[in-house]
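Undergrad: Just dropping this structure here.
No lab work stands behind these numbers, since they all come straight from the coordinates. None of the values given here were measured: they were computed from a predicted structure. Every residue, glycine among them, receives a Cβ derived from its backbone with ideal geometry; neighbour counts consider all protein chains shown.
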Amino acid sequence: MKRTLVSASVLAAGLISFSNVAAELEISVTNLTHGNHFTPLLIAAHDSANHLFQVGQMASPEIQKMAEGGDIADLDALVSSINGVTSANPAMGLLNAGASVSNVMLDTGDNDVLSIVAMVLPTNDAFVGLDNWVIPTEAGTYTIYVNAYDAGTEANDEIINGGGMSGVPGIPAAPGGDGGENATGVMDNATNSYVHVHPGVLGDTDPVGGASDLDSRIHRWLNPVAKVVVMVK
């Protein structure tokens, strides 16, 4: 079975041309959320015949592992297996709300598209996702605003319980130390098991109970959640 490596709203400045000529990229990623963290980022250049994820398709086991627990190792290996190139964990850990990682250098070789993924914490299975952005060959600076997606692999119960393994319900952690406890769980009536635009979290304002362990004053977001700036040299 063919593996697929899954879109984002794009605002690109300048006249764009495309081809398969290699390009050297300098990339920055900014977390635009109010109070959420991104787990280690995977920035990948690969051929356009493959996808890390695709909206409207089932999440791969590699995407599920990343979206539920922040583990990008299997996705990194998958990109390497198709002769892609990656920058794995360029921020050297979590990317805090409002923070940026800059000067990420990537030599694309013969690869013609760029993809970026990272889990959004604290959530059940939300992730930042840039899918197969075509790399321009004309030198310039290009800005892309990126949405958060729901992997569709886990109910969004909003319970922080340390769960981070694929198929284990719950949220691994609230890295800012601002999560609640003893939540009864949000009733998630969603039936979409495919990758789709994430509706955001509900949260509540009860830190020691209520339906959600997430704080609606801190952890809610509106898309886009990330800003990516790509300098083509």
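Undergrad: Can you list residues whose amide H is under 5 Å from ASP47's amide H, if they're 5+ apart or on another chain and H is modeled 1.01 Å from N?
TA: ASP112
Undergrad: Okay, next question. Using modelled backbone amide H atoms (1.01 Å from N, in-plane), which distant-in-sequence or interchain residues come within less than 5 Å of VAL225's amide H?
TA: VAL146, ASN147, ALA148
Undergrad: If you don't mind, there's one more thing I want to ask. Given points 7 Å out from each Cα along the Cα-Cβ axis, report the GLU26 to ASP47 separation in nanometres with one decimal.
TA: 3.1
Undergrad: Could you work out the per residue convex hull volume over the alpha carbons of the chain, in cubic angstrom?
TA: In the chain, the Cα hull volume divided by residue count equals 105 Å³.
Undergrad: What ranking, highest mean first, results for peptides 138-144, 180-186 when packing means the other Cβ atoms within 10 Å averaged over each residue?
TA: 180-186, 138-144
Undergrad: Hey, another quick one. Report the residues of region 213-233 in range of a label on ASN182: point 7 Å along Cα→C-beta, backbone N strictly under 19 Å from it.
TA: Of the residues in region 213-233, 213-216 have backbone N under 19 Å from the label point off ASN182.
Undergrad: Mind computing the radius of gyration and Dmax over the alpha-carbon atoms of region 102-170? Å is fine for both.
TA: Spelled out, the Cα radius of gyration and Dmax of region 102-170 are 16.1, 48 Å.
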